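As structure tokens, the structure follows; a few thoughts come after it.
The values are calculated or read from the model by the stated rules, or taken from the named source; none is laboratory data. Everything quoted here is computed from the prediction, not taken from an experiment. Neighbour counts run over all protein chains shown; Cβ positions are idealised from the backbone, glycine included.
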Amino acid sequence: MSTSAKLLSEDELGRKWDSCLHDTVLKLGGGLVVGGIFSLLFFRRKAWPIAMGSGFGLGMAYLNCERAVNGIITQSTIEKGH
């Protein structure tokens, strides 16, 4: 494997991680907001809707990141010939 191919793969992985962090912040924040709204309007200011919304957002972000990073790792492994 040449050095330029390795750097390209590392750069692509870095971009995926940056995208994952951005996606995590957005989904976690969205879950907090939606959970907070449900807590205020429907559940008399209980904490569990906020925690549940945050958990859903974090879980969705994790799933998206796992798919993105595994796609890069699998693609890199195929290029190596393993």
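Could you give every pair whose Cβ atoms fall below 9 Å, whose first residue belongs to the stretch 1-29 and is at pLDDT 85 or above and in a helix (DSSP H, G or I), and whose second residue is of a type in the set (Val, Ile, Thr) and surrounded by 13 or more Cβ atoms within 10 Å (Cβ to Cβ), counting only separations of at least 6 or pairs across chains?
Between residues of the stretch 1-29 that are at pLDDT 85 or above and in a helix (DSSP H, G or I) and residues that are of a type in the set (Val, Ile, Thr) and surrounded by 13 or more Cβ atoms within 10 Å (Cβ to Cβ), the close pairs are Lys16/Val69; Lys16/Ile72; Trp17/Val69; Cys20/Val69.
When you look at Lys80, is it among the charged types (D, E, K, R) and modelled with pLDDT of 90 or more, yes or no? Break it down stepwise before answering.
Details: among the charged types (D, E, K, R): yes; modelled with pLDDT of 90 or more: no.
It is false that Lys80 is among the charged types (D, E, K, R) and modelled with pLDDT of 90 or more.
So, Leu32, is that one among the hydrophobic types (A, V, I, L, M, F, W, C) and loosely packed, with under 14 Cβ neighbours inside 10 Å or not?
Here the answer is no, as Leu32 does not meet what is asked.
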